[in-house]
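Asker: This structure is in structure tokens; I'll ask about it shortly.
The values are calculated or read from the model by the stated rules, or taken from the named source; none is laboratory data. Since this is a predicted model, take the numbers as computed values, not measurements. Counting neighbours? That spans all protein chains shown, and the Cβs are built from the backbone with ideal geometry, glycine included. In case anyone asks, the SASA skips ligands and DNA or RNA and just uses the protein heavy atoms, side chains included. Shrake-Rupley method; radii C 1.70, N 1.55, O 1.52, S 1.80 Å.
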Amino acid sequence: MTGKVNTQRSRGFWAESWQRFRGRWLPMSALLIVIGLAVVAILAPAIAGTKPVICKYKGRLYFPAMGYWKRSWENPVFFQDQFYKRYPENLKEKDPLSWAIYPLVFQDPFRRVRDGEVEGQPGNQPNAAPNGNNWFGTDQSGVDVFAQMVHGTSIALLVGFVSMGIAAVIGITVGAFAGFFGSWIDVVLSRLIELVMCVPTLVLILALLAVIEKPTIWHLMAIIGCTRWTGIARLTRAEFLKLKELEYVTAARALGVGNVAIMFRHVLRNALAPILVPITFGIAAAILIESGLSFLGFGAPPPNPSWGTLLNAGRTNMDSWWLVLFPGLAIFMTVLAYNLIGEGLQEATDPRLRQSQH
Amino acid sequence: MLIQINSSQRFLSGSFGRECLAGICLAVCLLSAACEKSSPDESLLAESASHGAEPAEERETLIEPFDPPTLEELDAQVTWIDKPVLDAMNVSREDQEISGPPSATVDEALALRNDSFDANATIVDALGRLPADDQAVNWESQFLRRLEGDVKSTNPLMQSSTVESEVLKYFSVYLHSYDWNMKPFGNANYVETWQTSEDGLYDKIVLRDDMVWSDGEPMTAFDVEFSYRTIMDPAIPIPAVRTGTDKLRWVQAYDERTIVYFHREASATNVWDMWLPLVPRHIYKDSIAEDPTLQTSEYHVKYEQLPVVGGPYKITRRVRGQEIVLERRDEYYMHQGQQVRGKPHFKKLLFRTILDPNTALLALRTGEVEECSMTPDQWLGQQPGDSFDKLNIKASGLQWVYFFIGWNCQSPFFNDKRVRWAMTYAYDYREMLDVIYQGLYEPCNNLFHPDSWMAPDPPLPMIQQDLGKSVELLRQAGWTDTDADGILDKEIHGEQVPFEFTILVAQRPDRIKCCALLQESLDRIGIICHVRPVEFTVLQQKNRDHEFQATMAGWGTGTDPYSNENIFATEEDRNYGVYSNPRVDELFAEGKAMLDPVKRAKIYGEIAKLLYEDQPYTWLYFRNAFYGFNRKLRGYRFSPRGPYSYGPGSDSLWKSAAAVSH
Amino acid sequence: MISYLIRRILIAVVTLILITFVIYGLIRSIPGDPITVDMAQSDPSRSLSPEDRKRLEKIYGLDKHWTIAYGQWIGNLVRLEMGQSISRKLPVARLIRDRLLPTLLLSVSSLLITYILCIPLGLWITVRDGTVGERALSTGLYMLYSLPSFVAALFLQLLLSVKLGWLPLMGMVSDDYEQMSLLGKTWDIFKHALMPAACFTYGSLAYYTRFVKSNMMEVVRQDYVRTAKAKGVTPVGVVWKHAFRNTLIPLVTLIGLTLPALLSGAVILEQIYSWPGMGSLFFASIRERDYPTIMGLTLVFSALTLLGQLLADLLYAVVDPRVTYS
């Protein structure tokens, strides 16, 4: 019975997982939502802003809206000509031949739009309910909520990745080494985990804010990441302890595969499932943590148009429901999306599921 | 498959591991033994108390040795001038009578909504009156108040925060008080006569003879002398209570009722130096030697919890971090069967510690507290028909607390007066006053309020935002955009320095907003301003160490404008921005020595003008006081130091015996 | 087993010393000290003279280098003395003791409710995976998760306390607590604890349910489960008798992990509800730079955390027959 042996190369772990992930509609739509949010984040200055996306002034083309990304990208000619950052009237005044294309919504995430800045649009009222000019209303200072949320999307998306990225990398590495090698490495690393677990995050954050000259939200998130890896480490360690005795590990060793390769190419993929839970939750939780820090007074310094600070601003006045509803909905959507992706990832990468389908 | 955890502990199962552990433990023990041992009573407190039990009279003291003359000698050589000794309540009552009958009846006022300046004036006028007669007052009522933090100590010598002074006022003894206009007078509840010497060097006080502490012991002049010595005892961790008291030369109690204060020099501020809180001598005279911290020994802890007091109320219950309950002392206003003092209006006072301002407002709405200060947001956030109006009414008043942006005059950015003026011209005041504070705060452009007696005359002009002027001033000071990057720069010590600085601010949302407004205003003219919210403690520390470029902070008002010397004179304690103007220093010295009030006002007006010209601060606004009061309360009046910090202050509140209208 | 325990405890002591050392160095390096706070809050017309400041520093032990001060603290600790709180004028041990019970009340009840709710929910979700009901429930739990606790707290206060008056607004006991009977006292504390405990718990429901589910999914695919199903065991029996026990290891890990957060993580809720717990004490002490209290609390938190880890490790031996200690 000499049957033909299937010599086709297997597609590889990640390709196969992606294949399976694609097949499920719920995680895919979640992924699309996240991609959509990323697009919004990148295009934020074009969606909401008070600087023209593109304008022609004194014969040359400029892109002042890039100033939202980096200050120096907003051309200094506008400063020299004393625009004082008010474009609509100044452009017309100083060069009647100029034209400009403004963002979709003429609102600024950092300041209140005043009366007379642009024709046909009155200045923002503080604490205004959603209306034609302020789709999501304004906060207590009159800053438009929609603009803040759009510009805060990049922070919302990235903040979780920064903190969880750091936490995951440290946690998985430490947990893997501790669980796989056992013996004194496990002892030392376990004690390290306990040590870091006992350090109160509040003290670290305070120390950071007191010492660093210009703290930003990324500093805060880095600190959060550096203290949250302990949970992931313990979980990883538990999984590795369990899995390292399995046959395929012994087989790999017999084949001469190095320890590190075994850990991260063979064992880790099987251990991924339970670890994904804290990671996906953690990414979404970062925004909530930022909101909590805002409550305690340690929020990131202005200008910081993040969803978390909006939520915190909304709690003092429950009558301004729009300050709680819109950021809350956005956070909820993000939480849902990340977790659905996480679930999808889990099912796509779990080799045991693969087995059970045969 | 047996997974043996002990394999992971192999390192320690060996003898080597065990020895390692033992070694570490030994090292720890040795280390702790090598460090100075402190006795269990003190722990982190130093050995200053270990000198053994000394009689109180021989303790080390900060008072310089002095040989006081006898009373007869003193009376012979000195001419005494009588000073006013008044009952604060009567002062307030006369004040109100002078201002005429109330503009509305109580019921009319209660029916109003406090949504305009006029409505507020009517409400405060009508409801702030003292009771017409004894029948109007509900003498058995209780008053539920809110505390913003925990009362750390009930010992008046150890008070270190405003929270404590709120509570301490009810049971502490103060021989002096000051009225609505901050004019001092002797407290008629304790003092019979008060005389000052003509040369201003001595003050003589004769106490009344009908005062008792809450344990029955009579209050005497020896308690005053003892309190003075205790404050000046270096071994006791007295916080800032010692300020002012240390300027006294000596305090001598000649008999049970007579005290003379000796001053070093004649000065208008001497009267404030006499302001020292009293503690009972018979309780503490022997226990200090053994425990100078006043808070460690069992004996002292017992009296911390329920102290012996001399004021109108006594503490009956104290749960740390939660509440304090005070009850009226009958022996305060009754003496040998006769009423000798005004009866305190409430039978019971309950202070609740509520940290969160939101929760406090909710508690006000449900009636769990009956007074609460409100933020501008909360003040404006009340809607008609809210449950707030069922039980409460809003009232606001003027307060001379101002907020400012302080510039570090040593920084290369702000050492030029023109740059500081440029900052002042760049700031968008209208936005701050109209939008951030919703028109609730008054604009401020110098350190004295226009209504105060020391304000400059004519009043100094308010500044409007003028970006063009700001840019011009900066250009004159050397700041232009030489490298065409949209940011101003200047050559300093051979290097092109961009105008980029950081402003420190406390972690309060409204103040952060003000700084964000500064950031926005400066961004328009090419200056980068980083806003850095820091903890209040860190802010204080950095301010003191002059480690900042700009800072936003506020000052309340002291009782005497001389307290500003500390802030603006060269190299003084609170001169955080290292501002220096010799003429200002001269004027402060003149103002201290000058006794003629008209001339004093002129001197301080001149100081204000000079400071305005130099702009070491960019003055922002005066923060008024906003309170919610229960509808049954009456008698609140707002002084420049708030509704409670003057005479009679919180004592003037009372509850109506009549039924309340809604 | 005993020698393992002893080893763990000794190591824990070393860990505690290390942690307290690091934390002490950290808080001493932050600008500001208890005297700064004192001065800051006084009457503006009063300030501390430099000589007085030096005297206060000496009394509070702040004039020495922090390593020496730390050594003193350890020395006192060995004598079971935690020192005197600088700002509150009370022994630290007493402060902590007063706050331990309220904190435990909140944390333990929250933990219990979480486990009682999440395990059945998680199991149910596993069994009904993919159905509309399960999706709806999961989505509902995520919605709860995305609502920050302070928003929910305010909302609950407004609804249940101000509008309906069913529950007290804040605090742990009512004004007339002392006069109540034992039953009355229990009921009073229960009413006060309900809202804080609810706010503390609801957020973690989503997390633990999903955690249980992800572990169960893995187990349910195992061969022995298929065998059990083939043998005719009911779905409930499969889940409960065979599958669930094998997910206990990660669950036990979770117990060890959740303990630290429970103890110090309630700062926000304790502030809102005026709940006299250790979290708000910790926060306030840091603000006041009350070093003895901070150190005392750090010690207590760390000790309880390490205890939690030890418990988790011991429980491993109970739930997983493959694990032994010797």
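Asker: Would you be so kind as to identify which of B:280, B:78, C:181 lies farthest towards the positive end of the dipole of the protein assembly as shown, taking Lys and Arg as +1 and Asp and Glu as -1 on Cβ and the Cα centre as origin?
Answerer: Positive-end residue among those listed: C:181.
Asker: Could you sort B:324-331, B:202-209, B:637-644 so that the peptide with the highest average Cβ count within 10 Å comes first and the rest follow in order? Write down the numbers at each step before the final one.
Answerer: Working: B:324-331: 18.4, B:202-209: 20.1, B:637-644: 22.5.
Answer by packing, highest mean first, reads B:637-644, B:202-209, B:324-331.
Asker: Evaluate peptide C:84-93: per residue, the Cβ atoms of other protein chains within 10 Å of its Cβ; return the mean as an integer.
Answerer: On the way: counts 8, 3, 5, 5, 7, 14, 8, 4, 2, 0.
That average works out to 6.
Asker: Below 11 angstrom from the Cβ of residue C:134, what's the summed charge of the other residues (Lys, Arg +1; Asp, Glu -1)?
Answerer: Net of charged neighbours comes to +2.
Asker: In degrees, nearest 10, range 0 to 90: what is the angle between the Cα axis of helix C:132-146 and the longest Cα principal axis of chain C?
Answerer: That works out to roughly 10 degrees.
Asker: So, R0 is 51 Å and r is the distance between the beta-carbons of residue A:118 and residue C:5; what FRET efficiency does that work out to, to 0.05?
Answerer: That gives a FRET efficiency of 0.10.
Asker: Just counting partner chain Cβ atoms within 10 Å, what average do the residues of peptide B:356-366 show around their Cβ?
Answerer: Per residue, the average neighbour count from other chains is 6.
Asker: State which helices in chain A qualify, where a helix is a whole DSSP H run, it must extend 18 Å or more along its own axis by its Cα atoms, and its mean Kyte-Doolittle hydropathy must be at least 1.0.
Answerer: A:25-42, A:145-181, A:183-198, A:268-296, A:321-349
Asker: Highest mean first, what order results for C:280-287, B:119-126 on Cβ atoms within 10 Å?
Answerer: Top to bottom by mean Cβ count within 10 Å: C:280-287, B:119-126.
Asker: For region C:284-301, in order, what is each residue's ³J(HN,Hα) by Karplus, 6.51 cos²θ - 1.76 cosθ + 1.60 with θ = phi - 60°, in whole Hz (x at glycine and Pro)?
Answerer: Here the 3J(HN,Hα) series is 5, 5, 5, 5, 8, 6, 8, 4, x, 5, 4, 5, x, 5, 4, 4, 5, 4 Hz.
Asker: Let's test the formula: R0 of 56 Å, r as the Cβ-Cβ distance of residue B:132 and residue C:163. What FRET efficiency results, to the nearest 0.05?
Answerer: The formula returns an efficiency of 0.90 here.
Asker: Can I ask one more? Put +1 on the Cβ of every Lys and Arg and -1 on every Asp and Glu Cβ in chain A; which of A:105, A:179, A:90 then has its Cα farthest towards the positive end of the dipole?
Answerer: In chain A, that residue is A:179.
Asker: Continuing with the same structure: Using θ = phi - 60° and the Karplus relation 6.51 cos²θ - 1.76 cosθ + 1.60, list the HN-Hα couplings for region B:590-600 in order, rounded to whole Hz, with x at every Gly or Pro.
Answerer: 4, x, 5, 7, 5, 9, 6, x, 5, 5, 4
Asker: Sequence neighbours fewer than 8 away in the same chain don't count; with that in mind, list the lysines whose C-alpha is under 18 Å from residue B:204.
Answerer: Cross-link targets: B:83, B:247.
Asker: My understanding is that a pair violates if its Cα-Cα distance is over 20 Å; which of B:152/C:54; B:343/B:655; B:302/C:89; A:85/A:214; A:56/A:94; A:70/A:214 do that in this structure?
Answerer: The pairs that break the limit, which is 20 Å between Cα atoms, are B:152/C:54; A:85/A:214.
Asker: If the viscosity is 1.567 mPa s and the temperature 4 °C, what Stokes-Einstein diffusion coefficient in µm²/s follows for chain B when Rh is the Kirkwood radius over Cα pairs?
Answerer: The diffusion coefficient I find is 46 µm²/s.
Asker: Once you average over the residues of C:3-16, how many Cβ atoms of partner chains fall within 10 Å of each Cβ? List each step's numbers first, then the result.
Answerer: On the way: counts 5, 5, 0, 2, 8, 2, 0, 6, 8, 2, 4, 7, 6, 3.
Per-residue shielding by partner chains comes out at 4.
Asker: Could you pull the accessible area for residue C:192 with a 1.4 Å probe, rounded to 10 Å²?
Answerer: Accessible surface of residue C:192 is approximately 10 Å².
Asker: Given only helices, namely DSSP H runs of n ≥ 4 each adding -39500 (n - 2.57), what is the per-residue ellipticity at 222 nm of the protein assembly as shown, to the nearest 500 deg cm²/dmol?
Answerer: After summing the helix terms and dividing by residue count, I get -15000 deg cm²/dmol.
Asker: With the cut-off at 38 Å, report for chain A the share of all Cα pairs above it, as a whole percent.
Answerer: Within chain A, distances greater than 38 Å cover 35 percent of Cα pairs.
Asker: Computed FRET efficiency, Cβ-Cβ of residue C:183 and residue B:334, R0 51 Å: what is it to the nearest 0.05?
Answerer: Taking R0 as 51 Å, the efficiency between residue C:183 and residue B:334 is 0.75.
Asker: I need the semi-axes of the equivalent ellipsoid of region C:92-319: take the C-alpha gyration tensor, multiply each eigenvalue by 5, square-root it, list largest first in whole angstrom.
Answerer: Result for region C:92-319: semi-axes of 37, 23, 16 Å.
Asker: Would you work out the charge dipole size for region C:92-319 about its Cα centre, treating the Cβ of every Lys and Arg as +1 and the Cβ of every Asp and Glu as -1, and quote it to the nearest 20 debye?
Answerer: 800 debye
Asker: Shifting gears a bit: Non-local amide H neighbours of residue B:147 (under 5 Å, H modeled in plane, Pro and chain starts lacking H): which ones?
Answerer: For residue B:147, the qualifying residues are B:352, B:353, B:354.
Asker: Under the rule of at least 5 residues apart or a separate chain, name every residue whose amide H is placed under 5 Å from the amide H of residue B:176.
Answerer: Result for residue B:176 returns B:187.
Asker: Run the numbers for residue C:65 and residue C:233: contour at 0.36 nm per residue of separation, minus the present Cα-Cα distance, in nm.
Answerer: Computed gain between residue C:65 and residue C:233 is 53.6 nm.
Asker: Restricting to lysines 8 or more places apart or on different chains, can you count the pairs in region C:92-319 with Cα atoms under 19 Å from each other?
Answerer: Going through region C:92-319 pair by pair, I get 5.
Asker: Keeping all protein chains in place, calculate the accessible area per residue for chain B (probe 1.4 angstrom), answer in Å².
Answerer: 40 Å²
Asker: Quote the charge dipole size of the protein assembly as shown about the Cα centre in Debye, to the nearest 20; the model charges only the Cβ of Lys and Arg (+1) and of Asp and Glu (-1).
Answerer: Using only the charged Cβ atoms, the result is roughly 7980 debye.
Asker: For region B:199-274, compute Rh as the Kirkwood radius over C-alpha pairs and then the Stokes-Einstein diffusion coefficient at 4 °C and 1.567 mPa s; write the answer in µm²/s, rounded to an integer.
Answerer: Answer from the Stokes-Einstein relation: 97 µm²/s.
Asker: Rounded, prolate or oblate: which one fits region A:51-188, using the alpha carbon gyration tensor with axes a ≥ b ≥ c (rounded when a/c is under 1.5, else prolate when a/b beats b/c, else oblate)? Intermediate results must be reported in sequence, preceding the final value.
Answerer: Details: a/c = 4.51, a/b = 2.20, b/c = 2.05.
Judged from the Cα gyration tensor, region A:51-188 comes out prolate (a/c at least 1.5, a/b above b/c).
Asker: Could you tell me what fraction of 2.2 N^0.38 Å the Cα radius of gyration of the protein assembly as shown comes to, as a two-decimal ratio?
Answerer: Taking N as the residue count of the protein assembly as shown, the ratio is 1.01.
Asker: Mind listing the phi-derived Karplus ³J(HN,Hα) values for region B:538-550, rounded to whole Hz, using 6.51, -1.76 and 1.60 with θ = phi - 60°, and x for any glycine or proline?
Answerer: Couplings: 5, 4, 4, 4, 5, 4, 5, 8, 6, 9, 7, 9, 9 Hz.
Asker: Here is a follow-up. Among C:298-309, B:173-184, A:17-28, how do they line up by average Cβ neighbours within 10 Å per residue, starting with the highest?
Answerer: Highest mean packing first, the order is C:298-309, B:173-184, A:17-28.
Asker: Still on this structure: Amide H neighbours of residue C:180 under 5 Å, at least 5 residues apart or on other chains, H built in the peptide plane: list them.
Answerer: Amide H to amide H, under 5 Å and 5 or more residues apart or across chains, residue C:180 pairs with nothing.
Asker: Using the Cα centre of the protein assembly as shown as origin and beta-carbon charges of +1 (Lys, Arg) and -1 (Asp, Glu), tell me which of C:27, A:152, C:233 is placed farthest towards the positive end of the dipole.
Answerer: Final value for the positive-end residue is C:233.
Asker: Probe radius 1.4 Å, ligands and nucleic acids ignored: give me the carbon and sulfur share of the accessible area of the protein assembly as shown as a rounded percent.
Answerer: It is 59 percent, rounded to a whole number.
Asker: What dipole magnitude, in Debye to the nearest 20, does chain B give about its Cα centre under +1 on Lys/Arg Cβ and -1 on Asp/Glu Cβ?
Answerer: 1960 debye
Asker: Determine the order of B:247, C:191 by accessible area, beginning with the largest, at a probe radius of 1.4 Å.
Answerer: So, going from the largest accessible area down, we get B:247, C:191.
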